[in-house]
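Novice: For reference, the structure I am asking about is given below.
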Amino acid sequence: MKISENWLRSLVDLGADSAALAHRLNMIGHEVESAERVGEGLAGVVVAQIVACEKHPQADRLSVCKVNAGTGAPLQIVCGAPNARAGLKAPLAMIGATLPDGTKIQKAALRGVESGGMLCSAQELGIDADASGLLELAADAPVGTPLAEYLGLPDTVIELGLTPNRADCLSAQGLAVDVAAAFGVAVKSVPIIATEATSTRTFPVTLNAGADCPRFVGRVIEGVDTRAPTPLWMSERLRRSGIRPISLVVDVTQYVMLELGQPMHAYDLAKLDRAIDVRHARTGEKAKLLDGNDYELTPDFLVIADGRGLQGLAGIMGGFDSRVTETTREVFLEAAHWSPPAIMGRARKLGLHTDASHRFERGVDPEAPRAAVERATQLILAVGGGKPGPTTDAVHQDLLPKRAGVALRRARLRRLLGIAIADTEVTRILNALQMNVETTADGWRATPPSRRFDIAIEEDLIEEVIRIHGYEQVPTHAPSGELRLHLRPEAQVAQARLRAQLAASGFREAICYSFVARELLEHWSLAEGAVPLANPLSADLAVMRTSLLPGLVEALKRNRNRQQERVRLFETGLVFHAGAELAQVERLAGVACGRAVPEDWTGDKRPVDFYDLKADVESLLSLGGSGRAIEFRSADRAWLHPGRSAEILADGRSIGRVGGLHPRLAKALDLDEDVQVFELDLAAVVAGRVPRAEPLSRFPSVRRDIAVVVPVEVASAKVEQAVRASLGKVLAELRVFDQYLGPNLGSGAKSLAIGLILQDDSRTLTDQDADRCVTQAVTALERECHARLRG
């Protein structure tokens, strides 16, 4: 939100300077994002009038103007602005003036014609970004008056980053209340004078949206001169608030919104038919809005309709067909209260964001519509004239939001803040914030004003007291007492070790959004159980992720598109699934592409493959110790490459997957090379066992190598299980060190070379012992794996 400091000071009589004001705004929770000084350095710039304007004899785009600057004889000025014309009043920088951008005004000759000054645009004066032509001043602007004096400059444009719960401060009046309370001074209320009706003309309004629209206030004004110029003071306040002035009626509605916080809309009454009907949209109904675009609506939208059709999208934007133009003479003013849930997210759903929707989504004072209509009537009549009709206030009184009183206990206030604040100061603060305060035996009972949607519980009142009293008033004390440290179980692997292990393997940690596009999950066949967001930030962040991999692969793709050839990323985070309750599981995932090893002098350009990532996963699982039986089985997942992927099991339970992406998925994601991925349940990875020291055997080990032929579909993990089960503790280590596939083995067979390392803790094994172990292993393999010893 932008606001003019001069405007704010007109409502609060402050003795503090701009720096102190900005500091105090920050301290009461209204972050000052910028404070831009405008209108400085305008000495020598005056209001002037062009009395004659002729084409330059040597240049088509230049004009030679005779300008009255209040100095006596007219000055000759050469000007290139397209809107230069006789009768126009505009700023003139006199000889010797220096503009804010450092331009020094001197006598000059342009294409052979002397120029004694410079007619200026708003951009050249540093008061606006408009450089399309001369800054046009009002016809009654006094010639010769210093421009800064005429425009109320210099000024500071303050931009605030308001939190979503403080919609009441999206107005000059609401912000002034907070500032006045913080400085301990009185606030000046906006003068709202009830205008007596001089016409009997009304326009009927019916409310058919229930609690979504419990109040709609309207008023007819006949005979308005919509071509009357907007008053300078109003247009300047609008401009400094970031809104470009358009026309009198439109500017008044915008000004009242900035002043009181109540968005308004004005209709051309001649273009309305029969009556206003506030209702929900019908399926497929279309509305043409002020931006000239047509929007297809669904029943969750609120609309303003008449006998001809839709005339506005409630709380977002008015309709195109009933807009006020220069030919409008009869105006119907609207100020309504729309329930925040009825407006929330609707503008974003259509790709829109308006000042009105920004306010209504956060909550607007339900008592403000009538005051806003009265204020707008007062301002329109003062400039454009006209005859106002009686005010129409269609209201469902029982459906309007009610503000209940909130108790504030003196003891609770002191306990939470750690300091004692005088009762008189607490009462002053609550009264200054325009709450209705009653004193009770143990404290206070405060009823917030109708514009404060953020005050509902005792802690809200405590927050109000301390932010106005001053957070800097709270003394700093070191904590006392014992601190209870959380001890990590000794058997559990610290996540820091997992990160360090992956970093040592060349991975970099990534942090991706917890929300993704549903279409992305559908590409991965992971959309089942995805939890949709009721109010997503965008369509690309519409559902909660069911896996870490889609986001990580998108991050990998972005890095690849930025000329990163070797990318290895990992992430730890939650994934979410819908069910009877929302389930969230913490996982660890990684992705890799490019070379298996960084580029070096050896010239190894082998791309990363399944076995590289499998080794990285095994290194992670080994951190927990060797107490679990880890097995890799062929995986059957739609997003994994068949034959190049595996399901990971620990003690027979699935804990994750590893492998290459399916070529069909890679093509859909526009990936130009193989990508290897893994994803693990983090709880299974960090689970380990308490380290236990064991003595080394004093007896030597014996190695026997065997080659067995097994069916090609038998996994080496099953071979290993069978051998370990048959030999027990005497098998110190098993190594599968070779695999052979060839026509001499027969169809559907493969040969595995296995190294058996045998060792006993109580004696030295003999050759007979080793041969017996080999026989046991081969027998077990024949029985469990249909194997035979290769000759």
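Novice: With ILE105, ILE95 as the choices, which residue is open to solvent by 20 Å² or more (accessible area, probe 1.4 Å), closer than 24 Å to ALA59 by Cα, at pLDDT 90 or above and not basic (Lys, Arg)?
Specialist: Residue meeting the stated conditions: ILE95.
Novice: Examine segment 695-704 for a residue that is open to solvent by 90 Å² or more (accessible area, probe 1.4 Å), closer than 24 Å to LEU620 by Cβ and of a type in the set (D, E, K, R), and state whether such a residue exists.
Specialist: Looking for residues that are open to solvent by 90 Å² or more (accessible area, probe 1.4 Å), closer than 24 Å to LEU620 by Cβ and of a type in the set (D, E, K, R), one finds none in segment 695-704, hence no.
Novice: Working only within segment 670-688, note down all residues that are open to solvent by less than 10 Å² (accessible area, probe 1.4 Å) and farther than 14 Å from SER547 by Cβ.
Specialist: VAL675, ALA684, VAL685
Novice: Using the structure shown, decide if VAL723 is assigned to a helix (DSSP H, G or I), closer than 29 Å to ARG653 by Cα and open to solvent by less than 40 Å² (accessible area, probe 1.4 Å).
Specialist: yes
Novice: Given (1) open to solvent by 60 Å² or more (accessible area, probe 1.4 Å); (2) closer than 29 Å to ASP130 by Cα, identify the lone condition not met by ALA186.
Specialist: Going through the list (1) open to solvent by 60 Å² or more (accessible area, probe 1.4 Å); (2) closer than 29 Å to ASP130 by Cα, ALA186 breaks only (2).
Novice: Within segment 290-309, is there a residue that is surrounded by 15 or more Cβ atoms within 10 Å (Cβ to Cβ) and among the hydroxyl-bearing types (Ser, Thr, Tyr)?
Specialist: yes
Novice: May I ask you to list the residues in segment 18-73 that are surrounded by fewer than 19 Cβ atoms within 10 Å (Cβ to Cβ), β-branched (Val, Ile, Thr) and under 19 Å from ASN6 (Cβ atoms)?
Specialist: Across segment 18-73, the qualifying residue is only VAL32.
Novice: Among what's in segment 707-720 and is in contact (Cβ under 8 Å) with a residue 40 or more places away in the chain and part of a loop (DSSP other than H, G, I, E, B), pick the residue that is least open to solvent (accessible area, probe 1.4 Å).
Specialist: Looking at the filtered set, the residue picked out is VAL714.
Novice: Any idea which of ARG428, ARG375, ARG409, ARG414 is among the basic types (Lys, Arg), buried (at least 21 other Cβ atoms within 10 Å of the Cβ), more than 30 Å from ALA534 (Cα to Cα) and over 30 Å from the mean Cα position of the chain (by Cα)?
Specialist: ARG375
Novice: Going through segment 496-529 one residue at a time, which ones are over 21 Å from the mean Cα position of the chain (by Cα) and either farther than 20 Å from PHE570 by Cβ or surrounded by 19 or more Cβ atoms within 10 Å (Cβ to Cβ) (or both)?
Specialist: Hits for segment 496-529 are LEU498, LEU502, PHE507, LEU521, GLU522, HIS523, TRP524, SER525, LEU526, ALA527, GLU528, GLY529.
Novice: Please verify whether segment 385-404 includes one or more residues that are over 30 Å from THR195 (Cα atoms) and either exposed (fewer than 14 other Cβ atoms within 10 Å of the Cβ) or modelled with pLDDT under 95 (or both).
Specialist: Yes: segment 385-404 contains one or more residues that are over 30 Å from THR195 (Cα atoms) and either exposed (fewer than 14 other Cβ atoms within 10 Å of the Cβ) or modelled with pLDDT under 95 (or both).
Novice: Anything in segment 16-62 that is in contact with an Asp or Glu (Cβ under 7 Å, 6 or more places away or on another chain) and under 23 Å from ASN83 (Cβ atoms)? List them, or say none.
Specialist: VAL38, GLY39
Novice: Here's something else I'd like to know. I'd like to check something: does segment 758-765 contain any residue that is of a type in the set (Lys, Arg) and either modelled with pLDDT of 95 or more or assigned to a loop (DSSP other than H, G, I, E, B) (or both)?
Specialist: Yes, there is a match, as at least one residue in segment 758-765 is of a type in the set (Lys, Arg) and either modelled with pLDDT of 95 or more or assigned to a loop (DSSP other than H, G, I, E, B) (or both).
Novice: Okay, next question. Restricting to segment 189-213, give me the number of residues that are acidic (Asp, Glu), assigned to a loop (DSSP other than H, G, I, E, B) and either surrounded by 13 or more Cβ atoms within 10 Å (Cβ to Cβ) or touching a Lys or Arg at 6+ places or on another chain (Cβ under 9 Å) (or both).
Specialist: Number of matching residues: 0.
Novice: Just to check your reading of the model, which residue among LEU621, LEU588 is modelled with pLDDT under 95 and not in a loop (DSSP other than H, G, I, E, B)?
Specialist: Every option except LEU621 fails the conditions.
The values are calculated or read from the model by the stated rules, or taken from the named source; none is laboratory data. Being a predicted model, the structure only gives us computed values, none of them experimental. Virtual Cβ from ideal backbone geometry, glycine too; neighbours counted across all protein chains shown. Quick note on the areas: whole protein, heavy atoms, side chains included, nothing else; ligands and nucleic acids left out. Shrake-Rupley method; radii C 1.70, N 1.55, O 1.52, S 1.80 Å.
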